[in-house]
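The values are calculated or read from the model by the stated rules, or taken from the named source; none is laboratory data. No experiment lies behind these values; they were computed from the predicted model shown. Neighbour counts are summed over all protein chains in view; Cβ atoms, including those assigned to glycine, are modelled from backbone coordinates with ideal geometry. To get the accessible areas, we keep the full protein, side chains included, count just its heavy atoms, and leave off ligands, DNA and RNA. Shrake-Rupley method; radii C 1.70, N 1.55, O 1.52, S 1.80 Å.
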Amino acid sequence: MAYQFKEIEKKWQERWEKDGAFKTKEFSSPKFYVLDMFPYPSGLGLHVGHFKGYVATDIVARLKRMQGFNVLHPMGWDAFGLPAENYAIKTGIHPEITTEKNVDNIRNQMKIAGLSYDWSREINTTEPDYYKWTQWIFLQLFKKGLAYKKILPINWCPSCKTGLANEEVIDGKCERCGTETTKKDIEQWVLKITDYAERLLDDLEGLDWPEKIKEMQRNWIGRSEGWEPVFKIKDSLFDIPVFTTRADTLFGCTYLVLAPEHPIIKDLEIDIENPDEVSLYLEKAGIKSERERISEVKDKTGVELRGVKVVNPINNKEIPVFVADYVLGHYGTGAVMAVPAHDQRDFEFAKKYNLEIVWTVKPEQGEIDKSKAFVEDGVLFDSGEFSGLGSDEARKKIGEYLSKQNLAEKKVYYKLRDWIFSRQRYWGEPIPIINCEKCGTVPLKEEDLPLKLPHIEKYQPTGTGESPLAAIEEWVNVECPKCKGKARRETNTMPQWAGSSWYYLRFIDPDNQKELVDKKKEEFFMPVDLYVGGADHAVLHLLYARFWHKFLFDLKHVSTKEPFSKLRNVGFVLAPDGQKMSKSKGNVIAPDEIIEKYGADAFRIYEMFMGPFGEAIGWSENGVKGVYKFLNRVWNFSIKNKDNKESPKELIAEINKLNKRVSEDLEKMKFNTPIAFFMEFLNFAEEKQAGKDVLERMLVLLSPFTPHICEELWEILGNKESILKQKWPEYDKNLIKEERIELVVQINGKVKDKIEAKNGLSEEEIKEIVFQSEKVKKWTEGREVVRFLFVPPSLINIVVK
RNA sequence: GCCUCGGUGAUGAAACCGGUAAACAUACAGCACUUAAAAUGCUGCGGGCAAAACCCUUGUGGGUUCGACUCCCACCCGAGGCACCA
């Protein structure tokens with residue numbers, strides 16, 4: 001008979017809630033903080049993919065509770081952001097209302113899946129009580145000079161009508177809507193994440209994170225070490241420093257290239273003999289979109305500044321100067337020394353404009369292939385006193401030689417750019433700043449926080465670079481806190497990523513009105529012991545959160561250098577057709593219908609059984625049916641044996657084996673194999689008489705995976721106290737040892753025979769048994785036995801000639 | 001181009017530290033139960049053969065080893081990330 005999952009699941013979910021079974025205790029050691037990346041409360045609800053991570057952390061949370069940990073396992077809502085606002089534009093329904101509705105729906109989805117969150121700690125980034133502290137952190141950043149305003153050519157999404165951070169531009173397109181971004185000069189709030197570049201890079205070392213994510217962050221931060229030689233401009237007081245990692249190729253530098261944005265171009269105006277040509281080029285470069293720049297990688301364009309020459313500091317050669325947009329204004333000094341012989345980009349440019357190519361580095365062996373640049377390290381020639389040196393040594397020697405004459409400096413640059421922090425949209429945290437005509441930028445007083453987001457009727461973005469908030473006169477026009485004169489509020493809002501950059505701290509102390517988090521509680525619960533979410537946040541959320549955390553650490557508001565000590569990525573759940581699930585493709589599978597048809601327990605173990613946790617795997621309803629069948633067998637097996645007292649020895653060995661395998665694999669964050677082990681165990685045990693001891697152990701081990709059915713059967717077996725209170729069982733390795741085993745006999749490494757024998761025999765005894773085998777005789781007859789290898793407990797390899 | 005993962009039956013996959021390749025499931029086929037279907041149970045299921053014996057098989061080619069999915073070298077393919085970063 002099929003087990004009645006609907007009644008059972010409802011019954012236990014209500015019981016757990018009534019008992020407050022998942023409430024975290026304050027200051028009860030040891031603690032374990034296991035956290036999911038909190039979701040955006042979309043109107044579609046969550047699909048089965050979101051639950052893969054949630055079920056895994058839930059299993060860990062339940063396991064850790066049984067192992068005696070005081071588990072902090074909270075959930076909340078990252079509810080600011082564009083979709084709610086776009087929905088409001090379309091329907092006129094306020095984001096506050098849609099957010100609340102969506103949150104209720106998703107919270108319910110999580111509850112019917114039996115996820116063991118401590119709901120008393122629920123947070124929502126759009127509640128003033130929460131964003132008060134997001135704003136507070138912003139004020140601290142401002143006070144430390146880490147939040148500043150700047151007119152910048154930013155990435156602009158013409159569809160979302162807002163500026164974007166570099167991290168939000170993927171392939172020249174808006175991360176949200178896929179529209180191609182353009183450049184726009186707007187005054188922006190910028191956070192100085194670059195001040196933390198070195199620490200963000202160095203501290204990755206100690207983290208138990210997937211190597212992939214660490215590597216992505218390293219690349220994003222992009223540290224590079226080199227020298228910055230100075231090129232003097234001929235007949236001028238100006239000079240131009242350039243950054244290079246290849247100081248060893250300096251003798252091969254035959255021209256200099258400036259980025260179109262380089263300020264010195266203006267200073268040189270009077271010397272330039274071809275001003276029309278130059279300004280035409282600059283104009284063209286300025287309007288190019290990010291996309292165009294990327295697509296033109298192969299076709300380098302530029303223009304010479306005729307009449308301007310610079311001097312190569314290493315050999316005093318006069319060389320020409322070009323402007324080209326393959327040199328970026330925002331990296332290094334915005335100027336490069338071009339060495340066409342040893343840099344592929346310079347090589348292409350030199351070929352196109354017929355510039356001199358001077359070879360100064362050759363490979364240690366063989367000749368240079370002069371059809372392309374030789375970019376590897378090698379041995380210097382035609383390089384004065386440095387000829388004959390290897391590249392590595394030459395870099396150092398040349399750098400030091402120049403720096404003695406104050407013609408170069410050792411330098412480190414990072415690819416990481418400051419975080420563009422303002423958005424010209426409505427549905428976000430207002431930036432707590434007042435712009436006064438007299439006093440300039442004035443921060444709000446901390447006691448005036450939260451600065452509430454006003455309720456408005458018109459959400460349409462203005463497209464002018466101002467947010468819709470700018471239209472609300474009574475909100476915008478305020479008195480300056482400093483001089484009491486006329487002033488205007490900052491109308492930009494914070495980006496999507498603000499609220500999620502510190503939310504893990506608020507779970508520790510969600511109702512604190514006086515501070516962001518109580519110091520003692522923070523010290524107790526931090527860091528997050530296990531953080532689980534998709535790999536798609538590798539350089540956005542995970543980098544921003546680390547930055548804010550380090551900042552709070554410097555202010556002594558948090559006690560750890562890093563927020564998340566262990567991170568694991570969950571793989572996508574794809575639609576049955578192998579495609580990504582999306583509303584537009586109509587292939588989204590909701591957990592609700594699966595739970596309705598097969599129950600939460602079946603849903604939960606299917607999510608885990610479908611494959612390795614980190615891999616992307618297609619959904620299969622037949623797979624759900626398969627594990628549902630398994631749960632029915634667990635039910636029937638337990639009911640059938642519920643009155644048995646004792647178990648046979650072989651079953652005791654088997655349950656200990658199961659115990660070992662499940663414990664070990666859970667420790668390694670493997671969730672698919674333990675389920676296979678349970679199935680194997682049941683296949684073995686089903687026909688046998690099982691006693692209460694074995695049944696109970698099985699249920700306790702299974703309970704983190706499928707808590708409802710286990711609770712019910714646990715009760716049926718006569719237990720009064722919830723299975724949640726049981727200790728995670730230890731296995732006895734002496735009981736696992738089998739009495740009889742199968743010897744596997746190989747001849748020259750190939751399996752030829754299998755012989756059953758007593759376990760634990762000596763090599764001599766085994767040898768005797770093995771050579772009695774007909775098959776072994778057949779293969780060894782007339783041949784010389786060179787070696788006899790015995791690999792305990794069961795493998796034998798006989799090497800014959 | 002660079003970086004990081006991957007490549008095993010029809011499918012999802014398993015295999016600890018180098019030791020029986022394909023556990024566990026799904027699909028499929030056959031049988032039982034049923035008036036019938038579903039559900040359930042049983043059997044089979046990498047390939048060369050219908051079968052035993054035997055041989056082959058973890059992307060390809062080579063190497064190390066008594067023994068390689070696992071280690072080393074070269075290459076091919078796929079996914080994700082970065083991408084004119086000097």
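Descriptive notes on the structure:
- Within chain A, DSSP assigns beta bridges of which about 75% are antiparallel (rounded to the nearest 5).
- log₁₀ of I(q)/I(0) at q = 0.12, 0.13, 0.15 Å⁻¹ - segment A:583-640, Debye sum with one point per alpha carbon: -0.33, -0.38, -0.49
- A simple rule links phi to the HN-Hα coupling: the Karplus curve 6.51 cos²θ - 1.76 cosθ + 1.60 with θ = phi - 60°, which for segment A:634-651 gives 4, 4, 5, 4, 5, 4, 4, 9, 4, 9, 6, 8, 10, 10, x, 4, 4, 6 Hz, with x for Gly and Pro.
- In order along segment A:584-593, phi translates into HN-Hα couplings of 5, 7, x, 10, 7, 10, 8, x, 3, 6 Hz, rounded to whole numbers, per the Karplus curve 6.51 cos²θ - 1.76 cosθ + 1.60 with θ = phi - 60° and x for Gly and Pro.
- Computed over every Cα-Cα pair of segment A:163-219 and binned at 5 Å starting from 0, the pair-distance distribution P(r) comes out as 4, 14, 18, 16, 19, 16, 9, 3, 0 percent.
- Estimated [θ] at 222 nm from DSSP helical runs (n ≥ 4, -39500 (n - 2.57)) normalised by residues in chain A, nearest 500: -11000 deg cm²/dmol
- Relative to the longest principal axis of the Cα atoms of chain A, the long axis of helix A:95-112 makes an angle of roughly 30 degrees.
- Beyond 22 Å in Cα-Cα separation lie the following of the pairs A:LYS184/A:LYS438; A:LYS214/A:LYS561; A:LYS64/A:LYS668; A:LYS23/A:LYS519; A:LYS309/A:LYS410: A:LYS184/A:LYS438; A:LYS309/A:LYS410.
- A compact globular protein would have a Cα radius of gyration near 2.2 N^0.38 Å; the ratio found for segment A:108-177 is 1.64.
- Reachable lysines, given that their alpha-carbon falls under 22 Å from the alpha-carbon of A:LYS90 and they are not under 8 places away in the same chain: A:LYS101, A:LYS161, A:LYS458, A:LYS583, A:LYS585
- Only aspartates and glutamates eight or more places from A:LYS25 in sequence, or on another chain, were considered; those with a Cα closer than 18 Å are A:GLU17, A:ASP58, A:ASP118, A:GLU122, A:ASP509, A:ASP511, A:ASP518, A:GLU522, A:GLU523, A:ASP529.
- FRET efficiency for A:LYS372 and A:ASP104, using Cβ-Cβ distance with R0 set to 45 Å, rounded to 0.05: 0.15
- Bridging of A:LYS397 to aspartates and glutamates at a Cα separation below 12 Å is possible for A:ASP248, A:GLU385, once same-chain residues fewer than 8 apart are set aside.
- For segment A:119-188, the Cβ-based charge dipole about the Cα centre amounts to some 320 debye (Lys, Arg positive; Asp, Glu negative; other atoms uncharged).
- The long axis of helix A:763-772 is offset from the longest Cα principal axis of chain A by roughly 70 degrees.
- Across chain A, counting alpha-carbon atoms alone, Rg and Dmax equal 33.7, 109 Å.
- Among the protein heavy atoms of chain A, carbon and sulfur supply 49% of the accessible surface, probe 1.4 Å, non-protein parts ignored.
- Dipole magnitude of segment A:67-113 about its Cα centre (Cβ charges: Lys, Arg +1; Asp, Glu -1), debye to nearest 20: 160
- Charge dipole (chain A, unit charges on Cβ, about Cα centre) - positive-most of A:PRO275, A:ALA590, A:LEU695: A:LEU695
- The angle between the Cα long axis of helix A:600-609 and the main principal axis of chain A comes to about 70°, on a 0 to 90 degree scale.
- Computed over protein heavy atoms with a 1.4 Å probe, the accessible surface of chain A works out to 46 Å² per residue.
- Once the chain from A:ILE97 to A:SER159 is taken as fully extended at 0.36 nm per residue, the excess over their C-alpha distance is 19.9 nm.
- Ordering A:LEU631, A:GLY599, A:GLY614 by the projection of their Cα atoms onto the charge dipole of segment A:588-647, which places +1 on the Cβ of Lys and Arg and -1 on the Cβ of Asp and Glu, puts A:LEU631 at the extreme positive end.
- Fully extending the segment from A:LYS670 to A:GLU409 would add 88.9 nm, taking 0.36 nm per residue of separation and subtracting the current Cα-Cα distance.
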